[in-house]
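**Q** Supplied in structure tokens, the structure appears directly below.
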Amino acid sequence: MMDRNGESYVGLFETESRRGKVIVYRLFSVTLFAGILSIWAYRFSNLFIIHGGAGGQQQEHDGGGANKSYWVLWVVLFGAELWFGFYWILTQALRWNPVFRHPFNNRLSLRYGHSLPTVDVFVCTADPEIEPPMMVMNTVLSVMAYDYPSEKLSVYLSDDAASEITFYALLEASSFAKHWLPFCKRFNVEPRSPSAYFNSLSSFSTSSNDSVWTKELAHIKKMYQDMERRIEDATKSGKVPRDVRSKHKAFSQWDSFSSRRDHDTMLQILFHSKDAENSKDVEGSVMPTLVYLAREKRPQYPHHFKAGAMNSLIRVSSTISNGKIIMNVDCDMYSNNSESVRDALCFFMDEEKGHEIAYVQFPQYFLGITKNDLYGSDLRVISELEFHGADGCGGPLYIGSGCFHRREVLCGKKFSDQRKVVDWNSEDDGLFMEEEASLQKLEQESKALASCTYEHNTTWGTELGLVYGCAVEDVITGLSIQSKGWKSVYCNPKRKAFLGVAPNTLGQTLVQHKRWSEGQLQIAVSKYSPALYGYGKLSLGLQMACSTYNLWAPNCLATLCFSLLPSLCLLKGIPLFPKMSSPWFVPFAYVIVAETTYSLFEFLICGGTLKGWWNEQRMWLYKRTSSYFFAFMDTTLKLLGFSSDSGFIVTSKVAEEEVSQRYKEEVMEFGASSPMFTLLATLAMLNLFCFLGALMEALISEGGFVRVLEKMMLQIILCGVLVLINVPIYQGLFFRKDKGRLPTSVATKSTIFALSACVIFKALHLT
């Protein structure tokens, strides 16, 4: 490759496309599609036979006689199969052309060692009760300690709860950082979250051959434990120590505090070059800029949740540091790789392709996931395969955390292919940057930019910053950026860039996916729908890839159909699938076996286990029949003008000791009653009753079990699999005695609902 001067050019990253594997998969998917078409053909051709068509002749078929009720069941099942086939086609966009990016940050250092751009890091927190301040501080410390020039790094903590406890914790963390950052650099520490680093050591021992490291480790760990104790004491008491409060004038900002939804802007610059003496570590090196922000909130003004916090940070940071690159991370996602900034810059600063790239998305991985990932929290296939496929279509989604952005793109700049040369060290393009200002004046002027009235009659939330109007504002923002001509890339290095806290109860997991799927569906029915908004702006493949996630929620209808109808019809002896002796049995068997086998293979090559795959299938069912169902209903009601609960929900990051222990033992946690649990338990009990009832009928029938098996093999298998996959629910209903079992009220309601459905359906005269 030649550069613009005609000289040999070596890129800062390479893109790998595994053509051999892709071709094999494409051939396989063609055969699977042929099977799906055959299933559709079977359903469609029998519609007329069942309804008494085909020239008025009554024809015998696998389903039995011609009757209207049976025809309705057939149509509903056909609709579900059409949906599953259509959705499968959409998912192929994520598998037909995956690409894998490999940054070379050693080349970056050699080429731009002394001219790297400034980087602003945004850490967002919303509730100190759900997101403990100590956890937040570990994330802040991990990003402050990036392997990057400190004078070019700025870290902002957005506290949407305006908690003085969180600010106190940041004060403590800033003092500790003056010791922690030199320790990390001296001993090349990984990871650079203190808690994660200390936990990663097999044992704290002084038997190491490096006596200097051992001594320093003991000292820094003692400092960390003291800081942790002080922060946790303040958190438990809900009060900042009196001596600390009187010492720091910044706490006076809370004197006028009314509530977390009614307060002035609170902003404090803890480290900055304008305060040089205070902003050095114990070795005399410059510390990264460190800023605390709690934007103004008033009950009469919408605050737009995380998107509003991010937009305030974008404006405020423009006056203080104006980093060319902005990285945002959730407060529970600590940096696990100190090289991540340099990895991201390899894409932005590449001379040939860098000018096209708006953002670099890293995957979200989680700490403490059980060996077999009980709740499917790791999103393994999405992270290891599907996002690589989206990258091959034009770029991954922006998922709200672990993402590096060009500031100019977030500030509304449109893509131009003519602009290939970027001056990464210019300082003349800030929205609000001033030449000179004292630190105190800088704080006061920055506060105005976080006012709740600042965005009134502006394009913030539409053209500037993150886009408002959806629970998953990050995804809409990414689509808006890509529709302006920009590209994004997905970087998934061997050492994971970020690690977070995953839900460790079923309830938390289902609520989290309800919010995600509801937000995705809101996109699908909004003006930002990839099918409409992206038409002519995004590639067809990227439109399909995005729609795969946008249509999570509607999957509930087809899944509920297959969870109910085949089992109920099995109980009544009504076949819905071809006999084993019929040629039409072959496409059904092939699609089921091939798709299941590929799903298992895909999961295993992504690093999963056999039991982990089985857990993934269970969560696939639970999410589709509960989270997605309630998300679909809430969105539908909202579209019809009815009120619905679609507000922002922060997933709890705090776990009780007993809950954590059961999670480690991979025992499913239910606990409190929930409409989702009632629905799941009812479906589980219904399938159990149908399966047992069908077995009893088969054993006492004249033809015997073999005849029933030959006639209704697929329904028996489907119902049997649903029973097996629901074993944890049966255990939670009837056999467990711990606090994590399902409540008695859920057991009673689900049993009554399921029995009633079976009795009513059994009594129906389907003619």
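**Q** Which condition number in (1) in a helix (DSSP H, G or I); (2) touching a residue at least 24 places away in the same chain (Cβ under 8 Å) is the one that K215 fails?
**A** (2)
**Q** It is to be established whether one or more residues within segment 72-89 are open to solvent by less than 20 Å² (accessible area, probe 1.4 Å), assigned to a strand (DSSP E or B), farther than 21 Å from L568 by Cβ and modelled with pLDDT of 95 or more.
**A** There is no residue in segment 72-89 that is open to solvent by less than 20 Å² (accessible area, probe 1.4 Å), assigned to a strand (DSSP E or B), farther than 21 Å from L568 by Cβ and modelled with pLDDT of 95 or more.
**Q** Which residue, of D233, D275, is of a type outside the set (G, A, S), open to solvent by 30 Å² or more (accessible area, probe 1.4 Å) and over 25 Å from V155 (Cα atoms)?
**A** Values: D275 fails: over 25 Å from V155 (Cα atoms).
After applying the criteria, what remains is D233.
**Q** Follow-up. With A177, A196 as the choices, which residue is touching a residue at least 24 places away in the same chain (Cβ under 8 Å), touching a helix residue (DSSP H, G or I) at 6+ places or on another chain (Cβ under 8 Å) and within 14 Å of P288 (Cβ to Cβ)? Spell out the reasoning first.
**A** Working: A196 fails: within 14 Å of P288 (Cβ to Cβ).
On inspection, the qualifying residue turns out to be A177.
**Q** Can you name every residue in segment 90-123 that is in a strand (DSSP E or B) and open to solvent by less than 20 Å² (accessible area, probe 1.4 Å)? Reasoning before the result, please.
**A** Of all residues in segment 90-123, those in a strand (DSSP E or B) come to 99-103, 119-123.
Of everything in segment 90-123, those that are in a strand (DSSP E or B) and open to solvent by less than 20 Å² (accessible area, probe 1.4 Å) turn out to be V99, V119, D120, V121, F122, V123.
**Q** Could you list, in sequence order, the residues of segment 351-377 that are in contact with a strand residue (DSSP E or B) (Cβ under 7 Å, 6 or more places away or on another chain) and either in the same structural domain as T139 (by TED's automatic domain parsing) or open to solvent by 10 Å² or more (accessible area, probe 1.4 Å) (or both)? Steps first, please.
**A** In the first step, residues of segment 351-377 are kept if they are in contact with a strand residue (DSSP E or B) (Cβ under 7 Å, 6 or more places away or on another chain); the result is 356-362, 364-367, 377.
Hits for segment 351-377 are E356, Q364, Y365, F366, L367, S377.
**Q** Answer yes or no as to whether G573 is more than 21 Å from the chain's Cα centre (by Cα) and on the phi > 0 side of the Ramachandran plot.
**A** Taking the combined requirement at face value, the residue satisfies it.
**Q** Does at least one position in segment 157-169 carry a residue that is in the same structural domain as H219 (by TED's automatic domain parsing), among the small types (G, A, S) and open to solvent by 10 Å² or more (accessible area, probe 1.4 Å)? Step through it out loud before you land on a result.
**A** Step one: list which residues in segment 157-169 are in the same structural domain as H219 (by TED's automatic domain parsing), which gives 157-169.
The next check asks that each one be among the small types (G, A, S); those that pass are 158, 161-163, 169.
From the residues that got through so far, the ones that are open to solvent by 10 Å² or more (accessible area, probe 1.4 Å) too are 163.
Yes.
**Q** Check whether at least one residue in segment 544-555 is more than 16 Å from F86 (Cα to Cα) and surrounded by fewer than 21 Cβ atoms within 10 Å (Cβ to Cβ), and report yes or no. Give the derivation first.
**A** Applying the first criterion (more than 16 Å from F86 (Cα to Cα)) to segment 544-555 yields none.
No, segment 544-555 contains no residue that is more than 16 Å from F86 (Cα to Cα) and surrounded by fewer than 21 Cβ atoms within 10 Å (Cβ to Cβ).
**Q** Another question about this same structure. Scanning segment 32-59 for residues that are more than 17 Å from V76 (Cα to Cα) and not in a helix (DSSP H, G or I), which turns out modelled with the lowest pLDDT?
**A** Only one residue fits best here, namely Q57.
**Q** Moving on. Could you check how many residues of segment 291-323 are among the hydroxyl-bearing types (S, T, Y), in contact with a Ser or Thr (Cβ under 6 Å, 6 or more places away or on another chain) and part of a loop (DSSP other than H, G, I, E, B)?
**A** Here is the first cut: in segment 291-323, the ones among the hydroxyl-bearing types (S, T, Y) are 292, 301, 312, 317-319, 321.
Okay, now just the ones that are also in contact with a Ser or Thr (Cβ under 6 Å, 6 or more places away or on another chain), so 319, 321.
Now drop any that are not part of a loop (DSSP other than H, G, I, E, B), which leaves 321.
So the answer is 1.
**Q** How about segment 365-414: which of its residues are free of Cβ contacts under 8 Å to residues at least 24 places away in the same chain and among the basic types (K, R)?
**A** K413
**Q** Of all residues in segment 150-196, count the ones that are over 23 Å from I130 (Cα atoms) and assigned to a helix (DSSP H, G or I).
**A** Going through segment 150-196 one residue at a time, the tally reaches 16.
**Q** Could you list, in sequence order, the residues of segment 690-708 that are over 22 Å from V746 (Cα atoms), surrounded by 15 or more Cβ atoms within 10 Å (Cβ to Cβ) and not acidic (D, E)? First the steps, then the outcome.
**A** Residues of segment 690-708 that are over 22 Å from V746 (Cα atoms), as a first pass: 693-708.
From what is left, the residues that are surrounded by 15 or more Cβ atoms within 10 Å (Cβ to Cβ) are 693-695, 697-698, 708.
Correct list: G693, A694, L695, A698, V708.
**Q** Can I ask one more? Hey, which of the helices (runs of 4 or more DSSP H) in segment 433-546, taking only ones fully inside, have at least 3 residues that are under 19 Å from the mean Cα position of the chain (by Cα) and farther than 23 Å from R624 by Cα? Spell out the reasoning first.
**A** On the way: elements: 439-448, 473-483, 506-524.
Per the criteria, 473-483.
**Q** Give just the number: which of (1) in the same structural domain as E81 (by TED's automatic domain parsing); (2) assigned to a helix (DSSP H, G or I); (3) within 24 Å of the chain's Cα centre (by Cα) does S567 not satisfy?
**A** Only one criterion is unmet by S567, namely (3).
**Q** Scan segment 496-517 residue by residue and report those that are at pLDDT 95 or above and open to solvent by 30 Å² or more (accessible area, probe 1.4 Å).
**A** K496
**Q** Here is a further query. Give the residue that is nearest to Q661 (Cα to Cα), with candidates limited to residues of segment 732-760 that are free of Cβ contacts under 8 Å to residues at least 12 places away in the same chain and part of a helix (DSSP H, G or I).
**A** Only one residue tops the list, namely F735.
**Q** I would also like to ask the following. Starting from segment 298-311, take each residue that is touching a residue at least 12 places away in the same chain (Cβ under 8 Å) and list its partners that are open to solvent by 80 Å² or more (accessible area, probe 1.4 Å) and assigned to a loop (DSSP other than H, G, I, E, B), counting only C-beta distances under 6 angstrom and pairs at least six apart or across chains.
**A** P299/R261
**Q** Assess whether L637 counts as being modelled with pLDDT of 95 or more and farther than 30 Å from K68 by Cβ.
**A** Working: modelled with pLDDT of 95 or more: no; farther than 30 Å from K68 by Cβ: yes.
When the stated conditions are applied, L637 does not pass them.
**Q** Those residues that are open to solvent by 80 Å² or more (accessible area, probe 1.4 Å) and over 33 Å from the mean Cα position of the chain (by Cα), I need them from segment 738-754; list them, please.
**A** Listed by number, the residues that qualify are I752, F753.
The values are calculated or read from the model by the stated rules, or taken from the named source; none is laboratory data. Remember, it's a predicted structure, so these values are computed and weren't measured experimentally. Positions of Cβ are backbone-derived with ideal geometry, glycine not excepted, and every protein chain shown enters the neighbour counts. These area figures cover heavy atoms from the full protein model, side chains too; ligands, DNA and RNA do not enter into them. Shrake-Rupley method; radii C 1.70, N 1.55, O 1.52, S 1.80 Å.
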